[in-house]
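Q: Quick one: this structure, given as structure tokens, is what I'll be asking you about.
The values are calculated or read from the model by the stated rules, or taken from the named source; none is laboratory data. Just so it is clear, the structure is predicted and the values come from calculations on it, not from any experiment. Every residue, glycine among them, receives a Cβ derived from its backbone with ideal geometry; neighbour counts consider all protein chains shown. Please note that ligands, DNA and RNA were not included when accessible areas were found on the heavy atoms of the full protein model with its side chains. Shrake-Rupley method; radii C 1.70, N 1.55, O 1.52, S 1.80 Å.
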Amino acid sequence: MACLLETPIRMSVLSDATVIPHLMALLSRSRYTQEYICQIFSHCCKGPDHQTILFNHGAVQNIAHLLTSLSYKVRMQALKCFSVLAFENPQVSMTLVNVLVDGELLPQIFVKMLQRDKPIEMQLTSAKCLTYMCRAGAIRTDDNCIVLKTLPCLVRMCSKERLLEERVEGAETLAYLIEPDVELQRIASITDHLIAMLADYFKYPSSVSAITDIKRLDHDLKHAHELRQAAFKLYASLGANDEDIRKKIIETENMMDRIVTGLSESSVKVRLAAVRCLHSLSRSVQQLRTSFQDHAVWKPLMKVLQNAPDEILVVASSMLCNLLLEFSPSKEPILESGAVELLCGLTQSENPALRVNGIWALMNMAFQAEQKIKADILRSLSTEQLFRLLSDSDLNVLMKTLGLLRNLLSTRPHIDKIMSTHGKQIMQAVTLILEGEHNIEVKEQTLCILANIADGTTAKDLIMTNDDILQKIKYYMGHSHVKLQLAAMFCISNLIWNEEEGSQERQDKLRDMGIVDILHKLSQSPDSNLCDKAKMALQQYLA
């Protein structure tokens, strides 16, 4: 039957509409047909389209009763089939939860199959089925079958007693199970000393096996990459949310050195897992200030960013965003190592995730930055590219670009300097966005940029001499959404502030436009914040 599993056959089995019903009909022939047909389905099912084809041909109903077969091989192949069908598939998973076999629900049968007295292969595959059903939303994360059965079973698979390939599969499945759920992460982190147990994954091949057993050495070498990849993945999931867990991971023997080494491994998969692990740990303010600085993590990261596949670039650039936060000690050396050009290059990528990360990192870089850094960003990015990003079809790119512009236009001398050289283009971009079909958050950010411009000394003239923009601010003061009213109010407050030169002329012009009438109206607003801001603005007229 091995020939049936080769790639050309794999493609044709599920694409030929007549083959699947024929195979389903053969299921009842003998335990051999049951075993081999389930095996064919498991090997041929690659992705959601194949899952749907099998599901629509009644695979769930036809295979479910095989889980109680007297033949271990049949039970195992049926189980594998369900793990393949359920993976990232809510439709299949929701169906499996309610399937009855001999009066028992399928999840209960899976739980029985992952008990300690069952073969390891069966325990692992059952745990996979329950994990995939949980991740697809068919089983709650706090269900006893997950917390008390699946999770402990997968932790057991990570122990030294298990074969290396079992430890790899156990760690990767556990990483996938706990990835989105902080409570499962906390439970896993205190189960059977898991964090310390994973440190052993980095000790292959061992020096003993190298001397005594060539066959063993070959086996260890083969699995060493997979073990490191699995450990990095699980550490990344464990440390995704909880500060205490991150601290425990980093304090595990030589962990930061191991991750840094992982960034330059020959295996792309290990490099990706190491970057993901580092990214997870970089969410910690404390670790950014201590361990990340002690190990100069930014250096190997910058090296990774120079030349890597997109999947690694996305995670590495996302991590760079964290290293560029203003409290991070790595921010300055990263700037000195040519990060501006690198990030500006990412904003031109065809991959939206890379464009987002590139502009996000520049936004963090520009936050409370010196004028020189802001000038470097604008020069390297170019106004043409900045405005291309402001018309990007990806909402995240647009929002982060507005965030960058807002950070560039902060501090009066910086605002005036930037607006003196780029004012015309920026005002055009602001006008286009306020006129366009954008959501509340985009328009709020744009009005906040206008408020920053209005806070400049000379820059505010670009607003006061632009009647179109003034009418737009007036319009948003009367908008139905409070967020937009407040943002428009900030613009007005900055324009009419008494202590600044030319305030009387600006106040008079805005009064003639009917702004004072709107302020009186807003001072009666049921929203206390809006009401207070309107009253404060009116006081500028009375002072």
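Q: By how many nm would the segment from GLN385 to SER523 lengthen if fully extended, with 0.36 nm per residue of separation less the alpha-carbon distance?
A: 45.5 nm
Q: Still on this structure: Along the charge dipole of the stretch 232-319, pointing to its positive end and built from +1/-1 on Cβ of Lys, Arg, Asp and Glu, which listed residue (ILE245, VAL285, VAL270) has its Cα farthest out?
A: VAL270
Q: Give me the number: length gained by fully extending SER69 to GLU332, i.e. 0.36 nm times residue separation minus the C-alpha to C-alpha distance, one decimal in nm.
A: This chain segment gains 88.2 nm when fully extended.
Q: Now a separate question. Viscosity 1.567 mPa s, temperature 4 °C: Stokes-Einstein D of the stretch 363-407 from its Kirkwood Cα radius, in µm² per second?
A: 121
Q: Another question about this same structure. Can you give me the Kirkwood hydrodynamic radius for the stretch 483-542, using every pair of distinct Cα atoms, in Å to one decimal?
A: That comes to 11.4 Å for the stretch 483-542.
Q: Determine ³J(HN,Hα), in whole Hz, for all residues of the stretch 489-504 in sequence, where each value follows from phi through the Karplus function 6.51 cos²θ - 1.76 cosθ + 1.60 and θ = phi - 60°; x replaces Gly and Pro.
A: 4, 4, 4, 4, 4, 5, 6, 9, 4, 4, 6, 9, 4, x, 5, 4
Q: So if I place +1 on the C-beta of Lys and Arg and -1 on the C-beta of Asp and Glu, and nothing else carries charge, what would the dipole magnitude of the stretch 395-454 be about its Cα centre? I want it in debye, nearest 20.
A: Using only the charged Cβ atoms, the result is roughly 280 debye.
Q: Related question: Across the Cα atoms of the stretch 153-255, what radius of gyration and what greatest pairwise Cα-Cα distance (Dmax) are found, in Å?
A: Rg then Dmax for the stretch 153-255, in Å: 13.8, 44.
Q: Defining a contact as two alpha carbons under 8 Å apart and six or more residues distant in sequence, what relative contact order in percent does the stretch 431-543 show?
A: 22
Q: Another question, then. Simple spin-label model, 7 Å along Cα-to-Cβ: ASP461 to GLN504 in nm?
A: Here the answer is 1.9 nm between the modelled labels.
Q: Roughly how many percent of the accessible protein surface of the chain is carbon and sulfur, given a 1.4 Å probe and a whole-percent answer?
A: That share works out to 52 percent.
Q: Something else now. Just to be sure I understand, if you calculate log10 I(q)/I(0) by the Debye sum over Cα atoms at q = 0.06, 0.07, 0.09 Å⁻¹ for this structure, which of (i) -0.32, -0.43, -0.70; (ii) -0.53, -0.65, -0.86; (iii) -0.44, -0.58, -0.84 do you get?
A: Matching the structure shown: (iii).
Q: Also, quick follow-up: Determine the relative contact order of the chain: mean sequence separation of Cα pairs under 8 Å and six or more apart, normalised by residue count, in whole percent.
A: The normalised contact order for the chain reaches 6 percent.
Q: Let me ask you something else. Name the residues of the stretch 389-429 whose amide N is less than 20 Å from a point 7 angstrom out from the Cα of MET513 along the C-beta direction?
A: 416, 419-420, 423-429
Q: While we're on this one: Quick one: if the Förster radius is 51 Å, what FRET efficiency do LYS483 and LYS303 give, using the C-beta to C-beta distance and rounding to 0.05?
A: 0.75
Q: Pop a pseudo-label 7 angstrom from the Cα along the beta-carbon direction at both LEU26 and ASP294 and give the gap in nm to one decimal.
A: My value for the distance between the label points is 6.1 nm.
Q: Could you work out how far the C-alpha centroid of the stretch 29-71 sits from that of the stretch 260-315, in angstrom?
A: Here the two parts' Cα centres lie 41 Å apart.
Q: How big is the dipole moment of the stretch 19-176 about its Cα centre under a simple scheme where the beta carbon of each Lys and Arg is +1, that of each Asp and Glu is -1, and everything else is neutral? Debye, nearest 20, please.
A: For this selection, approximately 260 debye.
Q: Right, next: How far apart, in nanometres, would the label points at ASN439 and ARG283 be if each is projected 7 angstrom from Cα along the Cα-to-Cβ direction?
A: 2.1
Q: Just the number please: accessible area per residue for the stretch 148-292, 1.4 Å probe, all protein chains included, in Å².
A: Here the per-residue accessible area is 43 Å².
Q: Let me ask something else. How large is the charge dipole for the chain, taken about the Cα centre, if only the Cβ atoms of Lys, Arg (+1) and Asp, Glu (-1) carry charge, to the nearest 20 debye?
A: For this selection, approximately 1040 debye.
Q: How charged is the neighbourhood of MET197? Take every other residue with its Cβ under 13 Å from the Cβ of MET197, and add Lys/Arg as +1 and Asp/Glu as -1.
A: +2
Q: For the charge dipole of the stretch 369-436, defined by +1 on Lys and Arg C-beta atoms and -1 on Asp and Glu C-beta atoms about the Cα centroid, which residue among ILE377, PRO413, LEU398 has the Cα displaced farthest towards the positive pole?
A: Checking the options against the dipole of the stretch 369-436, the answer is PRO413.
Q: I would also like to ask the following. Mind checking which of ILE518, ASN494, ILE334 is farthest towards the positive end of the chain's charge dipole, using Cβ charges of +1 (Lys, Arg) and -1 (Asp, Glu) about the Cα centre?
A: Toward the positive end, the furthest listed residue is ILE334.
Q: Can you give the FRET efficiency to the nearest 0.05 for LEU542 and SER410, using r as the Cβ-Cβ distance and R₀ = 25 Å?
A: 0.25
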